[in-house]
Amino acid sequence: MTSLPSGQPLPTAHRRLLSDLADLLDLPQLVVYGGAARDLLSASPGSPKDVDVAAGPLSRAAGCRERLLEHPDVQEVGPARDYWIRMTEPVIMFDVLWRGMTVDVNFLDDLGKIGHFDVECVRWEHPAGTFVDPYRVTGRQTTDSFALVSPMDAENPVLLLNRLVKLSAKYDVDYTQVGELAHLASELVEAAAAWNSADDFHGTQADAAHARAIATSVQRARDGRAFLQVCLDSGVIACRNPRLAEALTRAPSAVTRLARTTSPDSFWHLANSLTTDRTSSNSRS
């Protein structure tokens, strides 16, 4: 088994941001992880638009959020939400706006379970002021691919597929053209199509998250129309929304119209009208 690299000192600007977050949240220990943790180390320093923070234990979530919302420089961004990682690890998450960026705070008991793909697993650690890059992704000049590093059968496949789609849009990766990633995408599409859960989070909320992931990813991608076409051709849309996939296949111009939308709401308003139009047409024929 390969040992993980030891913590390396954070650059001064990054260490200051980490310390400021710890002071804001009034927590003795936390980690910054995910896209911002990796991207800020890979590129020139700057102010991130959003930062993912993990802290524990789970029982401190409510008190931390209450203190945050009393802070004069903090704005609420929606209510606290419950979710699960690896199917069994409960998480309480809430977002706040601070210094022009969204801070996504996640409370859980086992911080070792955060991160599903290698590019999400860089961690800044407070109070050590160090970072850990277990898959050595900060040294890459470009992000041409990424890899799943958590067990596929230990997670809801719809949620894993959502992460794959969002990362592909962020890093401008055509997941159908990259060897192991293409195979993983195919497996996740098949598993997501077969997924059925009576649980609210793993069923209803997972489908809602899938819808958001498609809309936001198409609108974030460098070429939204091409990205939406990839999602359609690869089965990412059909696996949870076969009616929309059928409507887009029958009317290719609708792909262009959807890709031109500028918000998730406008994307799904148009998408729903396409499926409604198709249903009405079938009922008349």
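Solvent-accessible area per residue for the chain at a 1.4 Å probe radius, Å²?
Per-residue accessible area for the chain comes out at 50 Å².
Kindly express, to the nearest 10 degrees and within the range 0 to 90, the angle between helix 12-25's C-alpha long axis and the longest C-alpha principal axis of the chain.
90
Might you report the magnitude of the Cβ-based charge dipole of the chain about its Cα centre, with Lys and Arg at +1 and Asp and Glu at -1, to the nearest 20 debye?
Working: 28 positive and 36 negative charges, 177 e Å.
Result for the chain is approximately 860 debye, rounded to the nearest 20.
Please report, as a whole percent, how much of the solvent-accessible surface of the chain comes from carbon and sulfur atoms (probe radius 1.4 Å).
Carbon and sulfur: 50 percent of the exposed surface of the chain.
Show me 117-125, 96-104 ranked by packing, highest mean number of other Cβ atoms within 10 Å first. Display every interim value, and only then the final one.
Working: 117-125: 22.4, 96-104: 16.2.
My ranking of the peptides, most packed first, is 117-125, 96-104.
List the aspartates and glutamates whose Cα sits under 16 Å from the Cα of Lys166, skipping any in the same chain fewer than 8 residues away.
Straight-line reach from Lys166, under 16 Å: Asp39, Asp50, Asp52, Asp118, Glu120, Asp144, Asp174, Asp207, Asp223.
Normalised by the residues of the chain, what does the relative contact order come to in percent, with Cα pairs under 8 Å and at least six apart?
Details: 419 pairs, mean separation 42.7, N = 285.
Dividing the mean separation by the residue count of the chain yields 15 percent.
Hey, of (1) 6, 26, 33, 24, 9, 2, 0; (2) 7, 31, 39, 20, 3, 0; (3) 6, 25, 30, 20, 11, 5, 2, 0, 0, which did the structure itself give for P(r) over Cα pairs in 10 Å bins from 0, in percent when calculated?
Correct label, based on the coordinates given: (1).
Let me have the 222 nm mean residue ellipticity of the chain computed from DSSP H runs of 4+ only, each contributing -39500 (n - 2.57), with the sum over all residues rounded to the nearest 500.
-13500 deg cm²/dmol
Compute the long axis of helix 179-194 from its Cα atoms, compare it with the longest principal axis of the Cα atoms of the chain, and write down the angle in degrees, 0 to 90, nearest 10.
70
Distance between Cα centroids, region 27-96 to region 104-123: provide it in whole Å.
Rounded to whole Å, the Cα centres lie 10 Å apart.
Taking the 0 to 90 degree range and rounding to the nearest ten, how far is the long axis of helix 224-233 tilted relative to the main principal axis of the chain, both from C-alpha atoms?
Once rounded, the angle reads 70 degrees.
How far apart, in nm, are two points set 7 Å out from the Cα along the Cα-to-Cβ line at Thr249 and at Ala13?
Distance between the two pseudo-spin positions: 4.9 nm.
By average Cβ neighbour count within 10 Å, what is the ranking of 209-219, 180-190 from highest down?
Numbers: 209-219: 20.7, 180-190: 17.4.
Descending mean neighbour count gives 209-219, 180-190.
State, to one decimal in nm, how far the label point of Arg257 lies from the label point of Ala182, with both points 7 Å from Cα in the Cβ direction.
Computed distance between label sites Arg257 and Ala182 equals 3.2 nm.
The values are calculated or read from the model by the stated rules, or taken from the named source; none is laboratory data. Not measured: the values here are computed from a predicted model. Methodologically, a virtual Cβ is constructed for each residue, glycine included, from the backbone with ideal geometry; neighbour enumeration extends over all protein chains shown. For the accessible areas, the whole protein counts, side chains as well, though only heavy atoms, and no ligand, DNA or RNA atoms are used. Shrake-Rupley method; radii C 1.70, N 1.55, O 1.52, S 1.80 Å.
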